[in-house]
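Undergrad: Next up is a structure, given as structure tokens.
The values are calculated or read from the model by the stated rules, or taken from the named source; none is laboratory data. It should be emphasised that the depicted structure is a prediction, and the values quoted were computed from it without experimental measurement. No Cβ is skipped: glycine too gets one built from the backbone with ideal geometry, and neighbour counts run over all protein chains shown.
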Amino acid sequence: MGFIKKQSAGFYFMVLTVIAALAGMVFYMINCNTDYFRNLGMNTIIIVLLTAAIVLEIVYIVGYTKMGVNPVMDMIPLVNGVLLMVAFALFASARVNSVATILSFERNAQTMADLSSAIVGMVCCLTAVILNIAGSFFKVVKDEE
């Protein structure tokens, strides 16, 4: 119980960032294996960026809890924001033409089901970016009184 009492809002934002980034990566992989998007293949750069962001976020949470305020720890949310935003931009750019085609010409139950995993994945990645930005303004651990 003492561990939970020591945590500040930044801790919860960063944990939610990890969850959202992980969900975005899972939905990206699901989307890459749907019938409509299978021919586009899987962009390993997106997977690497999201994995690096998740690992760095966990390092940030653990490191900040153990070491406290540190210039290196203060840079990690900035790096994570860049990694997450680039992953989101690559994900969106890889799917934007297909989304337009599905919504304009090929709208049926199967393509809409395939499209839903892409949209959910993009929303999760963008949510991870926003949570990372918001969490970077808060401390991870409360100050000792």
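Undergrad: Six or more apart or on different chains, Cβ under 6 Å: which pairs go from a residue in the range 34-55 that's free of Cβ contacts under 8 Å to residues at least 24 places away in the same chain to one that's buried (at least 16 other Cβ atoms within 10 Å of the Cβ)? Could you list them?
TA: From the range 34-55, the pairs are Met42/Cys32.
Undergrad: Restricting attention to the range 86-119, which residues are within 30 Å of Tyr60 (Cα to Cα), among the hydroxyl-bearing types (Ser, Thr, Tyr) and touching a residue at least 60 places away in the same chain (Cβ under 8 Å)?
TA: Ser117
Undergrad: If I ask for residues that are farther than 11 Å from Ala21 by Cα and out of contact with any strand residue (DSSP E or B) (no Cβ under 7 Å at 6 or more places or on another chain), which ones from the range 47-67 would you list?
TA: Answer for the range 47-67, where residues must be farther than 11 Å from Ala21 by Cα and out of contact with any strand residue (DSSP E or B) (no Cβ under 7 Å at 6 or more places or on another chain): Val48, Leu56, Ile58, Val59, Tyr60, Ile61, Val62, Gly63, Lys66, Met67.
Undergrad: For the range 120-137, state whether one or more residues are touching a residue at least 40 places away in the same chain (Cβ under 8 Å) and not in a helix (DSSP H, G or I).
TA: Checked against the condition, which is being touching a residue at least 40 places away in the same chain (Cβ under 8 Å) and not in a helix (DSSP H, G or I), the range 120-137 yields at least one hit.
Undergrad: Thr65 passes all but one of (1) crowded, with 16+ Cβ neighbours inside 10 Å; (2) within 30 Å of Lys6 (Cβ to Cβ); (3) over 15 Å from the mean Cα position of the chain (by Cα); (4) hydroxyl-bearing (Ser, Thr, Tyr); which number fails?
TA: Here Thr65 clears every test but (1).
Undergrad: Do we find a residue being among the charged types (D, E, K, R) and part of a helix (DSSP H, G or I) anywhere in the range 83-103?
TA: yes
Undergrad: Here's another thing I want to ask about it. Can you find a residue that is closer than 24 Å to Thr111 by Cα and assigned to a helix (DSSP H, G or I) anywhere in the range 45-54?
TA: Yes, the range 45-54 has at least one match.
Undergrad: Return the only residue of Leu40, Leu16 being surrounded by 13 or more Cβ atoms within 10 Å (Cβ to Cβ), within 30 Å of Asp114 (Cβ to Cβ) and modelled with pLDDT under 90.
TA: Leu40
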